[in-house]
Amino acid sequence: MLSYINDIITRFGGRYFGSEQEKQAQLYTADILRKYCDKVGVEEFQCALEGHFQSLKIFCLVYVLVLVLMRVDVRIAGIVGILNTILFLGHFVTYRHWLDFLFPKKTSWNVIGDIEPTGEVHDTLIVAGHIDSVKEFKWWYRLKHTGAILSVLAGFVLPIFGLYAFFAIFIHAAWYTYGWWFFALLTPVLIVFFDMHGPDVVNGASDNLTGVAMAVEMAKVFSEDKLKHTRLRLISFGAEEAGLRGAWAYGKRHKEQLLKEKAFLFNIDTIKDVEHLTIGTSEVNTLVFYQQKYIDMVEQAFIATGVAVKKLPLSVGASDGSAFHILGLPAICVIGMDSGKLDPAYHTRLDVIECINPQALEALKKVLIRFVKTWDDK
């Protein structure tokens, strides 16, 4: 698995969503999967790839506009402020893509490989990760944990100010007007949103070549040790860092067929530290709560293989598992990164192959093989 990760980074470097590097890395991965899969396809899709992060500039500018408007007409300020809050929460925080129409569509790619079972197909088990990487979150690299705290603060200040402006229409008490100065003084914190990214695309070794490497490894294992009644599908999603776009595109395009196939997604993201292997019970940003029966099944695979695991809500960002769940397709996500505080490698230039603990990959490989075989036997 490490050889695959090193190969992708050496050949293609960072793989910004929609870039030629992402495309070539996907085509290369498809060629590898063709050695092991009965069928491999590359699916192109188009959407507003820049719509997720570039929307932050709009929300920050509207924040400043509302500050000014509150000195001119409180009613207009309140209406604009509450709209900014609603759109920020709906479009950016919960990944619902409400403002995509404001941004041009660009192209990305998914790679899908199927291994058919020896007997009658009862269902489809998907093992997936995403191959793209992101432009560096420069404040997280420069300020480390402080940068993450400032991002969280900005994420709260922006929508709360919209609420404050709205209620200012109805509350005329003198004490309430002093709140304007509080939000005005906090305006500089929005720089971590407005100017979030540096110019360079990170290697994305752990986030998330580890997930794609695991999918490729499962193709190798189960091309030899065929399943009896489960179709194994290996997917390398594109444009996850753009707002889970590859998973959204694939899920929407194939939803009816996936439901008919009784498909289930075992999503893998950022397998870096063996001591932080974690089953996501929910994803806070996207308001997704994974089904308990699937959480239990994955946990049993960890227990059966003697690999320690945590069960926690995933509170930073979101995974492709969220896109499937929102579309009504069953899924789970397993990560291998500390979710309690900022990992210095997360979305920074430090996400290189040396930051991956090989034991984390080997441990999850053992767990995943057990899970796949148990799934097939059920």
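The values are calculated or read from the model by the stated rules, or taken from the named source; none is laboratory data. Keep in mind that this is a model prediction, so the values were computed, not measured. No Cβ is skipped: glycine too gets one built from the backbone with ideal geometry, and neighbour counts run over all protein chains shown.
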**Study point:** Yes/no for residue 315 being in contact with a strand residue (DSSP E or B) (Cβ under 6 Å, 6 or more places away or on another chain), of a type in the set (Gly, Ala, Ser) and more than 30 Å from residue 120 (Cβ to Cβ)
**Key:** no
Review point. List the pairs whose first member sits in segment 103-129 and is under 25 Å from residue 28 (Cβ atoms), whose second member is among the acidic types (Asp, Glu) and in a strand (DSSP E or B), and whose Cβ atoms are under 8 Å apart, counting only residues at least 6 apart or on separate chains?
Key: 107/44; 108/44; 109/43; 109/44; 110/43; 111/43; 112/43; 129/269
Revision key, fill the gap. Over segment 187-198, the set of residues assigned to a helix (DSSP H, G or I) and surrounded by 13 or more Cβ atoms within 10 Å (Cβ to Cβ) is 187, 189, 190, 191, 192, 193, 194
Revision key, fill the gap. Going through segment 261-297 in order, the residues found to be surrounded by 15 or more Cβ atoms within 10 Å (Cβ to Cβ), within 25 Å of residue 350 (Cα to Cα) and more than 13 Å from the chain's Cα centre (by Cα) are 271, 272, 273, 274, 276, 277, 278, 279
Revision key, fill the gap. Inside segment 230-247, the number of residues satisfying the requirement of being part of a strand (DSSP E or B) and either among the polar types (S, T, N, Q) or closer than 14 Å to residue 212 by Cα (or both) is 6
Revision key, fill the gap. Expected single match for assigned by TED's automatic domain parsing to the domain that holds residue 288, surrounded by fewer than 19 Cβ atoms within 10 Å (Cβ to Cβ), within 30 Å of residue 352 (Cα to Cα) and in contact with a strand residue (DSSP E or B) (Cβ under 7 Å, 6 or more places away or on another chain) among 27, 33 is 27
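Need at least 3 residues that are out of contact with any Pro (no Cβ under 9 Å at 6 or more places or on another chain) and under 21 Å from residue 191 (Cα atoms) per element, so show me which helices (runs of 4 or more DSSP H) inside segment 1-89 make the cut, counting only ones lying wholly within it.
Answer list for segment 1-89: 51-69, 74-87.
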Exercise for review: For residue 310, work out the one condition from (1) surrounded by fewer than 22 Cβ atoms within 10 Å (Cβ to Cβ); (2) touching a Pro at 6+ places or on another chain (Cβ under 9 Å); (3) closer than 30 Å to residue 349 by Cβ it doesn't fulfil.
Suggested key: (2)
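Consider residue 322 carefully, then state whether it is in contact with a strand residue (DSSP E or B) (Cβ under 8 Å, 6 or more places away or on another chain), of a type in the set (S, T, N, Q) and assigned to a helix (DSSP H, G or I). Talk me through it step by step, then tell me what you get.
Details: in contact with a strand residue (DSSP E or B) (Cβ under 8 Å, 6 or more places away or on another chain): yes; of a type in the set (S, T, N, Q): yes; assigned to a helix (DSSP H, G or I): yes.
Yes.
Residue-by-condition table, conditions (1) closer than 30 Å to residue 1 by Cα; (2) among the hydrophobic types (A, V, I, L, M, F, W, C); (3) free of Cβ contacts under 8 Å to residues at least 40 places away in the same chain; (4) surrounded by fewer than 17 Cβ atoms within 10 Å (Cβ to Cβ):
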position	(1), (2), (3), (4)
172	no, no, yes, yes
178	no, no, yes, yes
185	no, yes, yes, yes
200	yes, no, no, yes
232	yes, yes, no, no
244	yes, yes, no, no
251	yes, no, no, no
259	no, yes, no, yes
Check your understanding: Which ones in segment 33-77 are touching a Lys or Arg at 6+ places or on another chain (Cβ under 7 Å) and polar (S, T, N, Q)?
Key -> 46
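So which residues in segment 118-146 are surrounded by fewer than 18 Cβ atoms within 10 Å (Cβ to Cβ) and either of a type outside the set (A, V, I, L, M, F, W, C) or at pLDDT below 95 (or both), if there are any at all?
First, the residues of segment 118-146 that are surrounded by fewer than 18 Cβ atoms within 10 Å (Cβ to Cβ): 118-123, 142-146.
Of everything in segment 118-146, those that are surrounded by fewer than 18 Cβ atoms within 10 Å (Cβ to Cβ) and either of a type outside the set (A, V, I, L, M, F, W, C) or at pLDDT below 95 (or both) turn out to be 118, 119, 120, 122, 123, 142, 144, 145, 146.
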Review point. Does segment 298-307 hold any residues that are surrounded by fewer than 18 Cβ atoms within 10 Å (Cβ to Cβ) and touching a Lys or Arg at 6+ places or on another chain (Cβ under 6 Å), and which are they?
Key: 304, 305
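Filter segment 325-370 down to residues that are part of a helix (DSSP H, G or I) and either under 30 Å from residue 291 (Cβ atoms) or hydroxyl-bearing (Ser, Thr, Tyr) (or both), then give me how many there are. Spell out how you get there, then give the answer.
Filtering segment 325-370 for residues part of a helix (DSSP H, G or I) gives 325-326, 353-355, 358-370.
From what is left, the residues that are either under 30 Å from residue 291 (Cβ atoms) or hydroxyl-bearing (Ser, Thr, Tyr) (or both) are 325-326, 359-370.
Looking only at that region, the number is 14.
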Review point. Hey, any hits in segment 76-88 for a residue that's over 30 Å from residue 29 (Cβ atoms) and of a type in the set (Ser, Thr, Tyr)?
Key: yes
Revision key, fill the gap. Filtering strands (runs of 3 or more DSSP E) wholly in segment 106-175 for at least 1 residues that are within 30 Å of residue 259 (Cβ to Cβ) gives 106-115, 123-130
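Against the definition (assigned by TED's automatic domain parsing to the domain that holds residue 209 and closer than 14 Å to residue 365 by Cα), how does residue 293 come out, yes or no?
Numbers: assigned by TED's automatic domain parsing to the domain that holds residue 209: yes; closer than 14 Å to residue 365 by Cα: no.
Judged against the criteria, residue 293 is not a match.
Taking the condition within 17 Å of residue 332 (Cα to Cα) and outside any strand (DSSP E or B), does residue 219 pass? So that I can check it myself, show each step before the final result.
Numbers: within 17 Å of residue 332 (Cα to Cα): no; outside any strand (DSSP E or B): yes.
Taking the combined requirement at face value, the residue does not satisfy it.
From the list 206, 223, 236, pick out the single residue that is touching a Cys at 6+ places or on another chain (Cβ under 8 Å) and surrounded by 24 or more Cβ atoms within 10 Å (Cβ to Cβ). Before the answer, list the steps.
On the way: 223 fails: surrounded by 24 or more Cβ atoms within 10 Å (Cβ to Cβ); 236 fails: touching a Cys at 6+ places or on another chain (Cβ under 8 Å).
When all the criteria are applied, what remains is 206.
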